[in-house]
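Single-structure report; data block below.
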Amino acid sequence: MPWTLTSAVARIAGLVGVSERRPAEEPATSEPLFARAFQRAVDRASAADAKALGVARDQMGDDAPVLYRAVASGAPISAVAALAAAWDGLDPEARDAVGNPVMRPQSHLRWVHVEARQVDQTTCGAATMSAMLMQGDPFVALWVVTGRTLADYIPPEVLAVMAEDRPVRGLDERWYALQRALHAQTTTSALGPVAWPRSLGTPPWKVDDNTRYAGLRFRGALVDDSSPEALAPVLAHARRALGDGIPVPLYSSGDSALGIDSVIPRHVVLLVGDTGDGFLVYEPGSARILPLADADLRPDSGRLPALGNWSRASWVVLPVPRRS
């Protein structure tokens, strides 16, 4: 059977009694992640701040979930209130893009007129992380789409772009600059004090450290797709995350049938939807949202467009449940 490095390591670990650590299950809840985050913020706020959050929520109306994401991003209440005040004044296309950048029905991932393609062959991981960041933080999405910041609040990733002092006048320039900033962030000190060569893309073990989404922690895990039984726990965790509004970064690779140089993780995509018998996947090389069936995640499936025309799943980045 053709093998990948990650599936081989996972199987060897199982044989010697060292199972792959994956996030534990979290108690089921019917309340979405971001709504819970908003309610926690209200409960912990002063009376004045709690009132301000309530007013902002009412201003957003049916788009209140965008405000919940803004609160979960860790932005100050002044910025959250400014977002609510500015919301109705945004251009409808911009409002749609900021309101739900990734996890909405679409065949191509684009914001206004710009397709969400990776900058070059080394930035698939950075593009995936950037899209996920925009989904989790409306202030980053607002800056990418419109160039605006609110109430003197600048998200840290946007601040990193500004520190480079490159021209970012257009949406495309801001999107590319965000990718470059995250690429630099994930490749710096990737091997202890030694930087990871940027030409090799994004090291899998750095994505979990640098993913900022709703204040959650993330953990990378090996994927063993050699059998449905081995793969089932990964798919279950991914579905649980998607059900809570959390996209899931997934690395893909080839296997030994395609050559020894393809057995390591080679590309990164983002699971953005659960179809019941598969997933919807943002593939940054094509800027498309593509279907990926559970049944196709097997050793003999061949090249899959949803995996960037690689054939195997090899590494997944999953949220770690909060401790109560």
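Quick note: the coordinates plus some simple rules give every number you see, no bench work behind them. These numbers come from a predicted model, not from an experiment. Because the Cβ atoms are built from the backbone with ideal geometry, glycine has one as well, and the counts that use them run over all protein chains shown.
Key figures
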| quantity | calculated |
| --- | --- |
| Efficiency of FRET between Asp300 and Val320 - r from beta-carbon atoms, R0 45 angstrom, step 0.05 | 0.85 |
| Sequence of Asp63, Asp91 once ranked by neighbouring C-beta atoms within 10 Å, starting from the fewest | Asp91, Asp63 |
| Alpha carbon convex hull of the range 180-321, projected area averaged over orientations, nm² | 8.7 nm² |
| MRE, 222 nm, helices only [DSSP H, n ≥ 4, -39500 (n - 2.57), over the chain, to nearest 500] | -13000 deg cm²/dmol |
| Debye, to nearest 20: dipole size of the chain, +1 on Lys, Arg Cβ, -1 on Asp, Glu Cβ | 560 debye |
| Largest-first ellipsoid semi-axes for the range 71-202, taking √(5λ) over the Cα gyration tensor eigenvalues, angstrom | 26, 17, 13 |
| Cα gyration tensor category, rounded, prolate or oblate, for the chain with a/c compared to 1.5 | prolate |
| For the range 271-324, average projected area of the Cα convex hull in nm² | 4.7 nm² |
| Given charges at beta-carbon only (K, R positive; D, E negative), |dipole| of the range 206-299 in Debye | 400 debye |
| 10 Å beta-carbon shell around Leu231, net charge (K/R +1, D/E -1) | -3 |
| Built amide H within the under 5 Å cut-off of Arg288, gap 5+ | Leu109, Glu283 |
| Cα gyration tensor shape of the range 225-273, rounded if a/c is under 1.5, else prolate or oblate by comparing a/b with b/c | oblate |
| Inter-probe distance in nm under a simple model that places probes 7 Å from Cα toward Cβ, at Ala232 and Val9 | 2.5 nm |
| Exposed-site-free run, longest, the chain (rule: trypsin sites (Lys or Arg not before Pro); DSSP loop; at most 15 other C-beta within 10 Å) | 170-302 |
| Fully extended contour minus Cα-Cα distance, from Leu159 to Val112, at 0.36 nm per residue | 14.6 nm |
| Cut-off under 5 Å, modelled amide H: who pairs with Gly273 long-range | Leu280 |
| Fewest-first ranking of Val102, Val140, using other Cβ atoms within 10 Å as the exposure measure | Val102, Val140 |
| Hz values of 3J(HN,Hα) by residue in the range 91-101 - Karplus curve (6.51, -1.76, 1.60), Gly and Pro given as x | 4, x, 5, 5, 5, 4, 5, 6, x, 7, x |
| Top positive-direction residue, dipole computed over the range 98-158 with Cβ charges, set Ala151, Met134, Ala116 | Ala116 |
